[in-house]
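A short worksheet on the structure shown next.
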Amino acid sequence: MNQQTTKLLIVEDDARIAEPLVFGLEEEGFKVFHAANGHEGLSLARAEQPDLILLDVMLPGIDGFQLLRQIRKESSVPIIMLTARDQELDRVMGLESGADDYIVKPFSFRELLARVRATLRRVHMERNIQTEPEFITIGDVSLDVKGHLVRKKDQPVELTEKEFALLEALMKRAGQVVQRHTLLDLVWGEGWIGSPRTLDVHIHWLREKLEDDPSNPRLILTVRGYGYRFASADEVA
């Protein structure tokens, strides 16, 4: 998603928090709207159709949970809750009411920015995947998404769950370079903690199973310093 056109709505009544957030996010290239109470937040959400909402829990008038439930009746816009509360029940209530993430005050701007970007990236990828085919064939490799099957030269290929997910992520974006962090988010999840080398090891295993010459791959290509890409159909025709 292009940050230059990405719209964020901040619903926060504390100006000491809202003003630095508005300034910082605008500096990062986002178009930012601010509401100081729930009623104004609901009006702006309807009028501006933001790409993501940062929603405080403790608001005058309509509180954050009420506003969240009302927005969810009308929109699937991603929402990150902001609150000084650090109780498990509050986090569960927010997430079960439809929040996408939850950040507890005080928080650093860098952490909030990372969560905003990760949420936008995940939603963007999910929307793209919804329109993609269930069967993908490139060269002599075919992938059946629903059937969870892979074939090479009409012969079944046994893949682990992570290998399949990685291959699916690459083949759905054939011809495009996919960044390392994007592949890690897609296959291992945004909250996964481990060595980034795990990705390289799984790429190696996929090449061993799918490439005619794993030492000279034609399908799964490395883009140094960036990530990987699966060759387009034209490249392997």
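Just so you know, all these numbers are worked out from the coordinates, no wet-lab data involved. Small disclaimer: the values here were computed from a predicted structure and weren't measured. Positions of Cβ are backbone-derived with ideal geometry, glycine not excepted, and every protein chain shown enters the neighbour counts.
What is the fewest-to-most order of Arg218, Arg224, Arg115 by other Cβ atoms lying within 10 Å of their Cβ? Before the final figure, lay out the partial values.
Working: Arg218 14, Arg224 5, Arg115 19.
Arranged by neighbour count, lowest to highest, Arg218, Arg224, Arg115 become Arg224, Arg218, Arg115.
Per residue and in Å³, how big is the convex hull formed by the alpha-carbon atoms of the chain? Walk me through the intermediate numbers first.
Details: hull volume 35.3 nm³, N = 237.
In the chain, the Cα hull volume divided by residue count equals 149 Å³.
Using θ = phi - 60° and the Karplus form 6.51 cos²θ - 1.76 cosθ + 1.60, what ³J(HN,Hα) does each residue of the range 39-46 get, whole Hz, x for Gly and Pro?
With coefficients 6.51, -1.76 and 1.60, one gets 4, 5, x, 5, 4, 5, 4, 6 Hz.
With contacts defined as alpha carbon pairs under 8 Å and 6 or more residues apart, what's the relative contact order of the chain in percent?
Numbers: 332 pairs, mean separation 28.7, N = 237.
Relative CO of the chain lands at 12 percent.
First obtain the Kirkwood hydrodynamic radius of the range 130-222 from its Cα pairs, then insert it into the Stokes-Einstein equation at 37 °C and 0.692 mPa s, and state the resulting D in µm² per second as a whole number.
It diffuses with D of about 240 µm²/s by this estimate.
Quote the charge dipole size of the chain about the Cα centre in Debye, to the nearest 20; the model charges only the Cβ of Lys and Arg (+1) and of Asp and Glu (-1). List each step's numbers first, then the result.
Values: 30 positive and 39 negative charges, 65 e Å.
Approximately 320 debye in magnitude.
Rounded to the nearest 10 degrees, what's the angle between the helix 109-130 long axis and the longest principal axis of the chain, both from Cα atoms, 0 to 90?
Computed tilt is about 50 degrees.
Of the options Leu25, Ser76, Ala99, report the single residue whose Cα projects farthest towards the positive end of the charge dipole of the range 3-129 (beta-carbon charges: Lys, Arg +1; Asp, Glu -1).
Final value for the positive-end residue is Ser76.
Return the FRET efficiency for the residue pair Ala114, Thr160: r is the Cβ-Cβ distance, R0 is 45 Å, and the value is rounded to the nearest 0.05. Provide the component values of the computation, followed by the final result.
Details: r = 29 Å, r/R0 = 0.65.
The value I calculate is 0.95.
Cα-Cα over 23 Å: which of Lys153/Lys209; Lys73/Lys172; Lys172/Lys209; Lys152/Lys172; Lys7/Lys73? Intermediate values should be presented prior to the final figure.
Values: Lys153/Lys209 12 Å; Lys73/Lys172 32 Å; Lys172/Lys209 19 Å; Lys152/Lys172 17 Å; Lys7/Lys73 20 Å.
Checking Cα-Cα distances, Lys73/Lys172 exceed 23 Å.
Taking the Cα centre of the range 135-236 as the origin, how large is its charge dipole in debye, to the nearest 20, when only Lys and Arg (+1) and Asp and Glu (-1) carry charge on their Cβ atoms?
Dipole about the Cα centre, nearest 20: 200 debye.
Give me the distance between the Cα centres of the range 1-60 and the range 103-176, rounded to whole Å.
Between the Cα centres of the range 1-60 and the range 103-176 lies a distance of 30 Å.
Within a 10 angstrom radius of the beta carbon, how do Arg173, Arg180 rank from fewest other beta carbons to most? Each step should come with its number before you reach the end.
Values: Arg173 20, Arg180 15.
So the ranking, lowest neighbour count to highest, is Arg180, Arg173.
Which FRET efficiency, nearest 0.05, do His148 and Glu190 yield, Cβ-Cβ r, R0 25 Å? Before the final figure, lay out each step's value.
Working: r = 23 Å, r/R0 = 0.91.
Working from the Cβ atoms, E equals 0.65.
What's the angle, to the nearest 10 degrees (0 to 90), between helix 15-27's Cα axis and the longest principal axis of the chain?
Tilt of helix 15-27: around 40 degrees.
Which value, in debye to the nearest 20, gives the size of the charge dipole of the range 3-129 about its Cα centre, when Lys and Arg are +1 and Asp and Glu are -1 at the Cβ?
Dipole magnitude for the range 3-129 comes out near 400 debye.
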